[in-house]
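Quick notes on the structure that follows.
The values are calculated or read from the model by the stated rules, or taken from the named source; none is laboratory data. These numbers were taken from a predicted model, which means no experiment stands behind them. Positions of Cβ are backbone-derived with ideal geometry, glycine not excepted, and every protein chain shown enters the neighbour counts.
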Amino acid sequence: MTPMPTIKAHHHNSLYLVVALIMIFMTLILALQPLYLKNVLQLGRENAGFVNSNIQVITELVDLLFVGYLGYLSDRFGRIPVMRYGFLLAGWTALLAPFSLELGLLFGINGLALFYLSRAVISIGSTAVWPQLATLAGDYSDVKNRPALLAKVGFMMAFGATLVYAILLQLPRHAGVVPVMFLPAIIAFWGAWLTRNKMLEVATQTREKKFPLKTVINLVKEKRALRLSFLSAFSSRNDMVLVGLFLMTWFIYYSDLMQNVDHNQAASKAGLVIGFIGAVVLVTIRLWGYVIDRVGRITTLTIGLALSGIGFVSLGMVVDPLSWWPYVPAVFIGLGQAACLLSSQTLALDLSPEKIRGSVMGVFNTVGIIGIIFFLQVGGLLFDWVSPTAPFILTGAANFLIMAYGLLVMKLEPEEGGSPLYDEL
């Protein structure tokens with residue numbers, strides 16, 4: 001029998017660095033999209049909400065087709081190969097995306113359609129990476145130290161997103177949007193090298209010849225706490241995607257009403273607000289790991305849903321996005337996002353059988369993607385037809401509804417301290 005490989009400190013450090021890189025990659029791709037569409041492809045205000053959300057919805061639909069199966073492939077062949085090829089696919093496509101207009105003219109294809117295609121392929125690549133990182137964190141931990149390890153992973157996720165919005169998104173003001181769009185490709189190639197050379201495969205490869213969907217469904221049916229984590233993924237998984245897309249789009253097109261603010265300045269201001277949310281996550285996520293140990297996964301998740309709901313509904317009441325008012329609900333959104341991100345993943349990993357952990361997390365992420373598609377598609381229509389703040393109110397209301405289910409689970413299945421539940425849930 002082959003001895004179990006030893007997980008060392010540098011493997012953890014490599015995990016944290018790769019987490020930061022994929023978050024920088026994904027966040028930068030998303031954050032630059034409204035600016036590229038406005039400044040390069042000359043997209044007008046009248047359908048900005050629909051097109052921006054529609055591109056993201058298409059990428060999420062593509063992800064929906066692959067994320068569950070990629071989780072199974074990581075069980076079958078290992079997390080590392082899946083992640084490496086994902087980074088490479090995303091990196092090479094990111095190199096071509098800034099030339100969508102030129103390539104479209106060369107091949108007689110609409111530049112916007114080509115940009116749609118490049119975003120879909122990039123998303124397939126990134127979907128091969130980020131779900132496996134959470135699963136790998138589960139492989140590198142046990143029930144006792146999992147909240148602490150996932151808190152560090154969450155910290156690096158927030159660090160990556162904050163770095164993009166607070167610093168990297170200031171670059172288009174000085175260098176232009178197209179040169180900055182080459183950064184994601186460089187980051188992806190770096191991630192591929194780190195994954196291959198610095199990370200350790202520890203999962204036992206499954207002998208399942210097909211995706212164990214029936215087993216996962218039965219598991220979700222049996223365990224209320226797992227259902228709660230999946231519902232949280234449906235609502236809260238879209239939070240930062242929705243904020244990054246609609247807040248950025250709102251700021252950019254709101255600047256048309258202001259004489260002294262251009263689009264790049266508005267994008268910079270939006271980046272500061274979104275970066276502030278990331279900073280709140282960054283500062284508090286280790287604290288939430290402590291809260292999980294003290295009061296439990298379910299209680300922490302319910303608190304996070306309440307805070308997130310308050311934040312999004314409050315953001316929906318802001319009139320002038322270029323004022324300082326968005327920073328108030330941003331505090332609650334950041335707190336709620338940190339709590340939901342950490343507690344939902346910890347709960348799902350705790351309740352996933354080791355041999356099909358990747359498959360369970362694949363379904364978990366599939367539910368999250370369905371949520372993103374729903375909130376982006378409906379939110380894009382609300383953005384254009386009702387108000388730029390309507391998508392935020394919709395998300396806040398959904399968080400409150402799932403919070404109510406969390407309260408029910410807390411009543412039916414009280415946790416003892418911070419211990420996860422393994423009996424009949």
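Things worth noting here:
- Residue 54 meets all of the listed conditions (1) surrounded by fewer than 17 Cβ atoms within 10 Å (Cβ to Cβ); (2) farther than 24 Å from residue 271 by Cα; (3) within 21 Å of the chain's Cα centre (by Cα) but one, namely (2).
- Here residue 262 clears all of (1) touching a helix residue (DSSP H, G or I) at 6+ places or on another chain (Cβ under 8 Å); (2) of a type outside the set (A, V, I, L, M, F, W, C); (3) farther than 21 Å from residue 168 by Cβ; (4) free of Cβ contacts under 8 Å to residues at least 24 places away in the same chain except the condition numbered (3).
- For segment 29-51, the set of residues classified as at pLDDT below 75 and either of a type in the set (Gly, Ala, Ser) or in a helix (DSSP H, G or I) (or both) consists of 44, 45, 46, 47, 48, 49, 50, listed by residue number.
- Cβ-Cβ contacts under 9 Å between residues 6 or more apart (or on different chains), taken from a first residue in segment 162-189 that is on the phi > 0 side of the Ramachandran plot to a second residue that is assigned to a helix (DSSP H, G or I) and crowded, with 17+ Cβ neighbours inside 10 Å, are listed as 176/39; 176/264.
- Residue-level analysis places residue 97 among those that are in a helix (DSSP H, G or I), surrounded by 22 or more Cβ atoms within 10 Å (Cβ to Cβ) and either among the aliphatic types (A, V, I, L, M) or in contact (Cβ under 8 Å) with a residue 60 or more places away in the chain (or both).
- Search result, residues across segment 316-356 that are part of a helix (DSSP H, G or I), under 20 Å from residue 275 (Cβ atoms) and more than 20 Å from the chain's Cα centre (by Cα): 327, 328
- In segment 199-213, residue modelled with the highest pLDDT [restricted to those that are under 20 Å from residue 9 (Cβ atoms) and within 24 Å of the chain's Cα centre (by Cα)]: 199
- In segment 111-152, the residues that are in contact (Cβ under 8 Å) with a residue 60 or more places away in the chain and charged (D, E, K, R): 119, 139, 146, 152
- Pair list, Cβ under 9 Å, 6 or more apart: segment 373-385 residue farther than 14 Å from residue 316 by Cβ, other residue outside any helix (DSSP H, G or I) and of a type outside the set (D, E, K, R): 373/238; 374/238; 376/238
- Selection of segment 113-158 for residues being modelled with pLDDT of 85 or more and not in a helix (DSSP H, G or I) yields 128, 129, 140.
- Considering segment 107-136, and only residues there that are over 15 Å from residue 66 (Cβ atoms) and either within 14 Å of the chain's Cα centre (by Cα) or among the aromatic types (Phe, Trp, Tyr) (or both), the residue that is surrounded by the fewest Cβ atoms within 10 Å (Cβ to Cβ) turns out to be 107.
- The condition (being crowded, with 24+ Cβ neighbours inside 10 Å and part of a helix (DSSP H, G or I)) is satisfied by just one residue among 279, 267, 306: 267.
- Selected residue (criterion: farthest from residue 212 (Cα to Cα)) from residues of segment 58-81 that are surrounded by 21 or more Cβ atoms within 10 Å (Cβ to Cβ) and of a type in the set (Val, Ile, Thr): 59
- Some residue of segment 19-34 being more than 19 Å from residue 182 (Cα to Cα), buried (at least 21 other Cβ atoms within 10 Å of the Cβ) and in contact with a Pro (Cβ under 8 Å, 6 or more places away or on another chain): no
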